[in-house]
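Reviewing the structure listed below.
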Amino acid sequence: MKKLALGIFRRVVKAIVYGLVGGFTVLLIGAVLYLNGRPDLKVWHQADLDAEFTEDSPVHSFEEYLALEERLFAQLDERVYAQIQPVDKHAINRYSSGSWSDPARWPTNWNRSFELTVDSPRAGVLLLHGMSDSPYSLRSLGQRLQASGVSVLGLRIPGHGTAPVGLTGVHWDDMAAAVQLAMQHLHNKLGDKPVYIVGYSNGAALAVHYALSVLKDPDLPPVSGLVLFSPAIGVSPAAAFAVWQARLGHLLGLKKLEWNSLLPEYDPFKYGSFAVNAGDLVYRLTTEIQSHFDTLSEADLKRFPRVLAFQSAVDGTVSVPDLVHGLFERLPAGGHELVLFDINRITGLKHILAKDPGPQIDALLTDTGLSFAVSLATNRDETSRDVVIRYKAAGDAEVTTTATEFSWPEELYSLSHLAMPMPAQDPLYGGPDAGESPGVRLGNLALRGERGVLRVPASDMLRIRWNPFYPYLEQRTLDFMHLSP
C-alpha cells in the first residue's frame, strides 16, 4: 500500500512538472510570436553605426570625441538617411530628409554635443540628457546658464542622437567614460572655477555615478554640485530579466525581440522605438550606484557634492521612493534638497485619480529625522489653482508656506517625466504659447477621433511635455550655483 501511494505521488508530481513546463513553453512561444509579429524593422533599427564612442575607443580628449562624433553622423547620413525606403518618406519621419521631423530643419542640430562658451566664465556646467533623448532636452537651461556667465557643455551621450539602433549595443560604462572625458575638458578650460553637473533622468544617474567615482578616484576632476531632473536612481527589479528577451531573440535569429517598442520616429530629438538593452543598462547603472554607496563610509559620503533634485510626485518612468531611499537617505546632511511637484489638487480631480501620492508626500513633510530639505509645489488649497511652496528644512519639524506667481493650467492634472526640464515656450515641446517651430510641434498635440488611426500613439500625445513651473526650476538652479544677481 505504501509503495502504491508513493508511486501515485510520483506520477502526480511528474504530471504537475510536465504541465508547468508545457504551460511555460506555450506562454513563451506565444510571447515570441506576439513580439515577432510587430511592425517590420526599418533601416534605423538595423544600420551598422560603428563610429560610436565606447570605453575602449582610442579617444583621449573631448576634441577627439567630437571628431569621432563627426564620423558617426556622416555614417548616419550614408547608412540611414540615404537608405530609407520610399514608403518611409513621409512628413513625420525624422529620417526622411526635408520632412517636418527632420532635425536639419532646425538652425542647430541639437542631437549633437554642443558647447556654449563665455569670456571669463564664472563656472562650468555639464549637461547630461536622458535615455533615448538628446542634448536638446537641456538646451534651454544651457542657454540661460550661458547668459549668466557660465561655460556650458551639452554632451551627446553614446548611443543617442543618431538612430534607435545605437541603443542596442551601448553599455553604461561607455556612457560613464564619455562623462569623464567631458568633465576633464571643462576642468582643463576652467582651472579652479566650480564645475556642476545637471542631469536629466538617466543623465542624472550618470551624474550621481560620476560624483561617487570621484570619492574613490582623486585623479578625477571634482564636481561642485549636482542638479537632477526626474533622476533615474532605481528601476523595477523586473528590468533585470528584460535583457533575456533580447538574448532569446539573438539565439532564435529574431531581431525584433531586441526591442521593447517599435514606434514611428516622429520626434526630431528623441527616439520613438526603445531597445531592450536601453532598459537593461539603466538597471545595471542604478545597481552599480547602490553598490558604490555600500562601499563608502559616512566620512567618504560627507565629501559628496550638494544635490538639488526636482521630481514630479507622479512619474511613469521613475519613482519618488527610489529617489528618497536610493539617494537622499544614503547621504549625510550636506545642504541637499528634494523639490517635489504635487498633482493638481483642485476640487473635482481627486474623484478620478487612480493613485494619490499624498500619503508619501505627507510622510516626508512630517519626518523630523530627514538629513535633507524638502520643498513641495502644491495648490494653495483644493479651491484654488494657485501654487504655493511648502518647505521643511533638514531635521526640522516646521513647514513654512510661501506664495508663488504660478498656477496650474486648467487642462493639467500633473507633470510628467518628460515635462520637467522643458519650458512652456519651447518651440517643439511647449504649450499653447510655444515659440514658432521650424518643423513639427509636439507639445500641444491632442487630436481626437478613433483609436488606431494615427501614426502617433494617443498616449504619447496626451502626456505633458512642458513644465508650467519651469521658471521656478530655472531660478532655483541659478541660486544653487550662486549665479543669481
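A short reminder: the numbers here are calculations on the coordinates, not readings from a lab. Please read all numbers here as calculations on a predicted model, not as lab measurements. All Cβ positions, even for glycine, are placed from backbone atoms using ideal geometry, and neighbour counts span all protein chains on display.
Between the range 92-114 and the range 366-411, how many Å separate their Cα centres?
Distance between centres, Cα-based: 40 Å.
Give the average over all directions of the projected area of the C-alpha convex hull of the range 66-126, one decimal, in nm². The partial results should precede the final answer.
On the way: hull surface 22.5 nm².
Quarter of the Cα hull surface area: 5.6 nm².
Semi-axes of the equivalent ellipsoid of the range 356-409: what are they in whole Å, largest first, if each equals the square root of 5 times a C-alpha gyration tensor eigenvalue? Kindly include the intermediate steps, with their values, before the conclusion.
Numbers: eigenvalues 95, 31, 12 Å².
Computed over the range 356-409, the values are 22, 12, 8 Å.
If you count, for each residue, the other Cβ atoms within 10 Å and average over each peptide, how do 206-212, 143-149 line up from highest to lowest? Walk me through the intermediate numbers first.
Numbers: 206-212: 24.3, 143-149: 17.0.
My ranking of the peptides, most packed first, is 206-212, 143-149.
Beta carbons within 10 angstrom, averaged per residue: use that to sort the peptides 281-292, 390-401, 96-107, highest first.
Answer by packing, highest mean first, reads 281-292, 96-107, 390-401.
Below 13 angstrom from the Cβ of Asn109, what's the summed charge of the other residues (Lys, Arg +1; Asp, Glu -1)? Before the final figure, lay out the partial values.
Working: positive: Arg94, Arg105, Arg112, Arg139, Arg156; negative: Glu69, Glu70, Asp77, Asp102.
It works out to a net charge of +1.
Suppose R0 equals 22 Å. What FRET efficiency, 1/(1 + (r/R0)^6) with r the Cβ-Cβ distance, do Ser261 and Leu353 give to the nearest 0.05? List each step's numbers first, then the result.
Working: r = 26 Å, r/R0 = 1.20.
The value I calculate is 0.25.
Say each of Ser61 and Asp88 gets a label point 7 Å from the Cα, pointing the same way as Cα to Cβ; how far apart are those two points in nm?
3.7
Determine, for Asp56, Asp300, the number of other Cβ atoms within 10 Å of each Cβ, and report the residues in order from fewest to most. Please list the in-between numbers first.
Working: Asp56 9, Asp300 15.
In order of increasing Cβ crowding within 10 Å: Asp56, Asp300.
Using 1/(1 + (r/R0)^6) with R0 = 45 angstrom and r between the beta carbons of Thr400 and Asp217, what's the FRET efficiency to the nearest 0.05? Present the calculation step by step, with values, prior to reporting the outcome.
Values: r = 40 Å, r/R0 = 0.89.
According to the calculation, E is roughly 0.65.
What is the sum of charges, Lys and Arg at +1 and Asp and Glu at -1, for the other residues whose Cβ falls under 14 Å from the Cβ of Ser120? If you can, show how the numbers build up before the last one.
Numbers: positive: Arg122, Lys189, Lys193; negative: Asp119, Asp192.
Neighbourhood net charge equals +1.
How big, on average over all directions, is the shadow cast by the Cα convex hull of the range 267-367, in nm²?
Details: hull surface 38.2 nm².
Reported value for the Cα convex hull: 9.5 nm².
Taking the highest mean first, how do the peptides 316-328, 181-193 order by number of other beta carbon atoms within 10 angstrom per residue?
Taking the mean over residues of other Cβ atoms within 10 Å, the ranking is 316-328, 181-193.
Around Pro432, what is the net charge, scoring Lys/Arg as +1 and Asp/Glu as -1 over all other residues with Cβ under 14 Å from its Cβ?
Values: positive: Arg441, Arg465; negative: Glu410, Glu411, Asp426, Asp433, Glu436.
After counting each charged neighbour, the total is -3.
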